[in-house]
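Input: a single structure, listed below in structure tokens.
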Amino acid sequence: MIVSTVLLLLAALLTGCVSIPSSGKVQQGDAAPVEAAPDLDILVDPPIVDGTQQQILDGFLLAALSSQNNFQAAYDFLTPAFAEEWQPDAETTVDVLADRGFEQVNETTRRMVTTPAASLGNNGQYEVAAAASPIALPYEFEQIDGQWRISSAPQGIVIDQANFTQVFREYTLYFFDPEYRYLVPDSRWFAGRETAQTSVVQALLGGAAEWLSPGVRTAFPEGTELSPAAVPVTGREAEVSLTGAAFDDRQTAQRMQMQLDASLIGSVRNVGEVAMVLNGVESDAGRPSPQPARDPRVDPRPVVFDGETFGYLSTSGDGITAIDGYSEQIAAADASGAALGPGAEFAAILTPDGVSILAPDEEPLPLDPRAGLITPAVDRAGIIWSVPADTPSDLVWFTTGGDSGRVEVPWSASTIAAIQVSRDGTRMLALLGDGPRTYFVAAAIERAEDGSSISLGPTLLRLADVDGVPIDVAWIDGRTATSLTGLADGSTRLVTQDLGGFANTRSGPSDGVEIDAGNSIRDIRARDAAGTLLVQSGVGWQGRAEGIRFMAAQLPD
């Protein structure tokens, strides 16, 4: 029997499948996730006649790699009674194949012990496992007409990391910031390519992921339903038929159309246009004007300070274009870090006396005099965020006018090395230290409409963790972040994280002490302890400028 190269990792353990490409070259649309592999339809053999309990369990786990017809192949391994109860889309456990083990509990029960790497909720949200400890999953068996079948099993499916992306695809849903100026991404994973557009629309109607929900808005009125519960695609046009609300506000309809367009076009294969039908009538509301920005960009040049000049470092690294009104004040204040506000209207700086706000050609205004503060973060609403390195729970916000408030944080850690607010103002990254390990998290920023209060959402999105000491964190774009962790030998590790997806770890620069990012993974730059600004060059790091004291995070105008 022929086994697809995609499933070679399973060959030693399981047999009985072949993978057949079902389409040609992948086409990538604007802001769509990269699909590195061709679509595959996985054909699964039926249960082995007179198969043992382990052979039936192996076949069932393998059948879960085929999502066709809602994982129909897997149902053949279940008893008729349990087939009516089992829900493959209840939850997905993504595990480490090499760590799987099996043991006989009694005559009709076997147990699989495995180590979760991540989980996938029924809304398609991907979450990294909080701990790398094994779990035990029981499977009970019953004989039907003399053949073993599974009569009880955990709801959902178990799939190994190597094959996860062959069954599931990542799709980016979009919501709005509270002012409807920006589209905010929310990554989800769905199986079943033929029904992907339906899954995306149903997830949109279900709202943003729990961790993100406090910081974003949706245009779909409460009670909106997809009816019929499918999104047909004809000639690249997806028809989304919605009911359950009056839909009599034109601006709301425009924003609904915008969310559907952003979430479906370019993200779902073969969808190039979206027709929105409201209570049986095709909408002609159009799109909002001006249209909300997706993935706002910053100046690709890093903002640096070399002891004399604060401004944009040239591409060649041999000169700095000063930002008027800052250099002398930053030098006089002996600043060691800064974050630049939108349009360079102000900067928040870290000095030996604490955190201050600095406007062009004015003296710094002290905001936070506490000891041991990290470099502050700023957001597009003019808020400055400050926290001491040794007390991660003592996060405080300040307005440019001097108002302030303490924030209840959703994280727990012993130290905090860096914070940074997303360019759309809806999310905060925090790089934390917890014993010998570093991890970073994302939390939604919840703002009252009148600006009277600011808080972080109670649920956080846990991102990658690695051994070492936390150093710095930065946003790359609306759905990607990066962190830098130091090791005892002076080397560093750079983690690039897709929020709601996978992390990639590579070697960082030796003695790296700071990172910054432009608008893509290629634009990550670092500073080492000697003051050399480095950029990525192949698998290494190349010096671009010398004598840099710090880099400053920047925001779109």
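The values are calculated or read from the model by the stated rules, or taken from the named source; none is laboratory data. All of these numbers come straight from a predicted model, not from anything done at the bench. A quick note on method: Cβ atoms are made from the backbone with ideal geometry, for glycine too, and the neighbour counts reach across all protein chains shown. Note: areas computed on protein heavy atoms with side chains; ligands, DNA, RNA excluded. Shrake-Rupley method; radii C 1.70, N 1.55, O 1.52, S 1.80 Å.
Under a 5 Å amide H cut-off, with hydrogens placed 1.01 Å from N, LEU137 pairs with MET112, VAL113, THR114 among residues at least 5 apart or on other chains.
Of the solvent-accessible surface of the chain, computed with a 1.4 Å probe and all protein chains present, 47% belongs to carbon and sulfur. Helix 196-206 and the long axis of the chain differ in direction by around 60°, with both axes built from C-alpha atoms. Quick one: grab the alpha carbon gyration tensor of the chain, order the square roots of its eigenvalues as a ≥ b ≥ c, and give me rounded if a/c is under 1.5, else prolate or oblate depending on whether a/b is larger than b/c. It comes out prolate by the Cα gyration axes.
Rolling a 1.4 Å probe over the heavy atoms of the protein chains gives the chain an accessible area of 42 Å² per residue. Classification of the stretch 332-417 by its C-alpha gyration tensor yields a prolate form. The axis ratio a/c (a ≥ b ≥ c) is 1.5 or more, and a/b outweighs b/c.
Each peptide in 462-471, 413-422, 324-333 gets a packing score, the mean of other Cβ atoms within 10 Å over its residues, and the list from highest to lowest is 413-422, 462-471, 324-333. A crude spin-label estimate for the pair ASP403 and ASN69, with each label 7 Å from Cα along the Cβ direction, gives 6.1 nm. For the chain, the longest principal axis of the alpha carbon atoms and the long axis of helix 250-264 meet at an angle near 70°.
When only alpha carbons are used to place a centre, the stretch 167-233 and the stretch 338-377 end up 38 Å from one another. Descending by average beta-carbon neighbour count within 10 Å, the peptides 287-296, 235-244 line up as 235-244, 287-296, the highest first. Shape analysis of the stretch 462-551 yields a ratio of the Cα radius of gyration to the Kirkwood radius, Rg/Rh, of 0.94.
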